[in-house]
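Heads up: the structure comes next, in structure tokens.
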Amino acid sequence: IRDYYASRGLGDVYKRQYLLYTSAFFRTFTPCWKEVPFQPLRTEKEKTIYKMNHKWNYRPITPEQAETSQTLAQELGISPILGQLLVQRGITKAADAKKFFRPQLPDLHDPFLMKDMDIAVERLNRAMGKKERILIYGDYDVDGTTAVALVYKFIQQFYSNLDYYIPDRYNEGYGISKKGVDYAAETGVGLIIVLDCGIKAVEEITYAKEKGIDFIICDHHVPDDVLPPAVAILNAKRLDNTYPYTHLSGCGVGFKFMQAFAISNGIEFHHLIPLLDIVAVSIASDIVPIMGENRILAYHGLKQLNSNPSIGMKAIIDVCGLSEKEITVSDIVFKIGPRINASGRIQNGKEAVDLLTEKDFSIALEKAGQINQYNETRKDLDKSMTEEANNIVANLEGLADRRSIVLYNEEWHKGVIGIVASRLTEVYYRPAVVLTRTDDMATGSARSVSGFDVYKAIEHCRDLLENFGGHTYAAGLSMKVENVNAFTKRFEEYVSQHILPEQTSAVIEIDAEIDFRDISSKFFSDLKKFNPFGPDNTKPIFCTHHVYDYGTSKVVGRDQEHIKLELVDNKSNNVMNGIAFGQSSHVRYIKTKRSFDICYTIEENTHKRGEVQLQIEDIKPIE
């Protein structure tokens with residue numbers, strides 16, 4: 001999450017050193033700073049090199065777009081400002097806007113439009129007809145474990161000769177392993193359904209084929225030119241893709257497979273609806289766009305999560321302290337997702353699947369408690385490793401001229417290096433690779449800044465690597481230890497040649513300039529229809545110029561680091577409440593009664609239900 005949004009408006013790391021939140025976090029999610037402790041930059045050298053000012057980037061709107069937004073607003077009975085937000089999201093017709101505001105499950109695409117879906121369904125039906133043993137195999141992260149849980153839970157309703165397998169992060173590594181194939185062979189498996197991985201496992205699937213085991217791949221990672229010899233490959237990123245939506249999560253691909261299986265067997269769609277809470281967790285946690293088909297799945301998945309979650313998910317909700325509130329994408333990202341992930345990071349991802357498929361609530365609650373403990377361990381490791389990494393980076397020679405960061409420490413915990421890479425990316429605005437040692441190999445994770453394809457950068461170094469895979473913003477890789485220096489040099493060369501200046505600085509994207517008089521109760525009610533927020537539908541950031549302290553603004557927080565604001569502008573008499581996290585350095589200027597500009601998101605005041613509160617992203621004094 002942090003790397004995906006890194007250059008979309010990271011707060012001034014010195015004014016916000018207690019939180020070190022990206023501005024885009026506040027835009028997209030409700031803040032939950034106690035759940036995500038960040039480490040401040042500690043040295044004067046770091047502060048000198050990396051002190052940043054936000055650049056406010058106003059999204060341009062053409063005269064044609066302005067006219068379209070006005071027409072759209074009139075047809076829908078909403079503010080022209082919200083009409084503009086719809087147009088910015090590519091929505092120009094009232095019918096499309098109504099579908100956006102009220103996503104409908106019947107609008108999901110026909111799963112058989114996906115390449116190989118008919119083959120996959122036929123092979124699964126044949127396996128069940130012949131009573132073959134089926135193994136559901138998946139990655140150890142949130143997307144993989146939720147995908148395995150979803151497919152296992154659905155098939156289990158109709159078939160019992162079934163098992164699931166999650167590879168061990170430390171003994172087997174990412175993706176399909178020969179150990180996993182051997183386990184399948186030893187237990188008499190004839191068909192493996194692999195989820196959220198497998199698209200590059202040519203050697204491993206060839207090995208399985210020699211043992212008489214067939215594979216169905218359900219993946220969403222970028223494939224190589226040569227595909228594995230699987231019976232069917234469900235992946236909308238294939239070069240020969242025929243599916244109209246390419247941004248499904250790994251769990252989302254598993255859901256489409258089960259939807260197709262249900263259609264082929266005359267199973268009504270309502271039997272799939274209880275699985276949508278799991279799909280919503282995967283979509284939010286894997287940071288895929290929440291538009292198109294993902295928006296439909298996430299919208300109804302959140303409804304399921306709030307109204308009738310599965311037993312395992314309800315146990316996690318209880319452990320997170322969310323049982324008495326409406327669960328949002330933010331809660332998934334900061335609370336539910338990290339706990340599911342912690343199982344694979346600290347112990348074994350299979351425990352997460354055990355929890356998500358549990359049918360007894362008391363047992364599920366016990367398992368959720370254990371996973372919560374893993375998450376506490378993860379946070380401790382995260383904190384100590386991030387401090388070490390910051391100290392190393394601060395002393396790197398020629399740091400100011402580098403466009404990337406590559407760190408190798410053979411003592412670091414493999415389960416947390418991806419998080420540390422995200423921390424480095426968000427603080428230093430550079431693509432980051434963090435490596436540790438596993439046996440005789442250097443293995444690690446890469447994270448990127450917004451707009452820069454770190455997968456391509458790693459692919460450029462493929463002759464130095466033993467294995468790699470991933471997305472535009474996150475990837476995993478492994479290499480011989482002796483290749484780390486050569487990789488560091490070549491990765492830096494590629495990044496330096498391809499990264500753009502605007503991708504290495506703090507930018508806040510302003511969606512619209514408005515006055516306080518525009519913020520009515522109806523405006524806020526209509527704005528809420530844009531939920532759920534996420535990539536490609538980020539929470540709108542508004543800007544208001546020439547605002548003043550009403551006279552009651554004050555510093556708050558344990559360390560007096562935040563400002564609680566009461567503001568007026570020069571266009572109306574509206575007094576707006578606001579909170580500016582980590583920006584207490586502005587309070588002296590604010591109390592002088594001089595005007596300043598603010599950019600912010602519009603939230604509901606959690607302490608006074610029904611009241612609107614501005615969440616201030618940045619403050620700019622008017623010189």
Taking the stretch 349-370 and keeping residues open to solvent by less than 10 Å² (accessible area, probe 1.4 Å) and over 14 Å from residue 150 (Cα atoms) leaves 349, 364, 368
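Filter the stretch 159-171 down to residues that are out of contact with any Phe, Trp or Tyr (no Cβ under 9 Å at 6 or more places or on another chain) and either free of Cβ contacts under 8 Å to residues at least 60 places away in the same chain or open to solvent by less than 30 Å² (accessible area, probe 1.4 Å) (or both) and give me whichever is nearest to residue 284 (Cα to Cα).
Just the residues of the stretch 159-171 that are out of contact with any Phe, Trp or Tyr (no Cβ under 9 Å at 6 or more places or on another chain), to begin with: 159-161, 170-171.
If we keep only those that are either free of Cβ contacts under 8 Å to residues at least 60 places away in the same chain or open to solvent by less than 30 Å² (accessible area, probe 1.4 Å) (or both) too, we end up with 159-161, 171.
Values: 159: 30, 160: 31, 161: 32, 171: 28 Å.
Here the residue is 171.
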Somewhere in the stretch 525-534, is a residue within 30 Å of residue 306 (Cα to Cα), modelled with pLDDT under 95, among the small types (Gly, Ala, Ser) and crowded, with 20+ Cβ neighbours inside 10 Å?
yes
Those residues of the stretch 509-527 that are of a type in the set (Phe, Trp, Tyr) and in contact with an Asp or Glu (Cβ under 8 Å, 6 or more places away or on another chain) come to a total of 2
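Does residue 346 satisfy the condition of being open to solvent by less than 60 Å² (accessible area, probe 1.4 Å), over 25 Å from residue 165 (Cα atoms) and hydrophobic (A, V, I, L, M, F, W, C)?
Values: open to solvent by less than 60 Å² (accessible area, probe 1.4 Å): yes; over 25 Å from residue 165 (Cα atoms): no; hydrophobic (A, V, I, L, M, F, W, C): yes.
No, not satisfied.
For the subset of the stretch 199-224 comprising residues that are of a type in the set (D, E, K, R) and within 27 Å of the chain's Cα centre (by Cα), which member is surrounded by the most Cβ atoms within 10 Å (Cβ to Cβ)?
Here is the first cut: in the stretch 199-224, the residues of a type in the set (D, E, K, R) are 200, 203-204, 209-211, 214, 219, 224.
With the extra rule that they be within 27 Å of the chain's Cα centre (by Cα), the set shrinks to 200, 219, 224.
Working: 200: 23, 219: 30, 224: 12.
Among residues in the stretch 199-224 that are of a type in the set (D, E, K, R) and within 27 Å of the chain's Cα centre (by Cα), the one surrounded by the most Cβ atoms within 10 Å (Cβ to Cβ) is 219.
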Going through (1) out of contact with any Pro (no Cβ under 8 Å at 6 or more places or on another chain); (2) open to solvent by less than 30 Å² (accessible area, probe 1.4 Å) one by one, residue 378 fails only at (1)
Reported set for the stretch 109-125 where residues are over 15 Å from residue 230 (Cβ atoms) and either assigned to a helix (DSSP H, G or I) or open to solvent by less than 70 Å² (accessible area, probe 1.4 Å) (or both) is 109, 111, 112, 113, 125
Of the residues in the stretch 177-198, those that are out of contact with any strand residue (DSSP E or B) (no Cβ under 6 Å at 6 or more places or on another chain) and buried (at least 23 other Cβ atoms within 10 Å of the Cβ) number 2
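The values are calculated or read from the model by the stated rules, or taken from the named source; none is laboratory data. Just so it is clear, the model here is predicted, and its values are computed rather than measured. Don't worry about glycine lacking a Cβ; one is built from the backbone with ideal geometry, like all the others, and counts go over all protein chains shown. Surface areas here come from the heavy atoms of the whole protein model, side chains and all, with no ligands, DNA or RNA. Shrake-Rupley method; radii C 1.70, N 1.55, O 1.52, S 1.80 Å.
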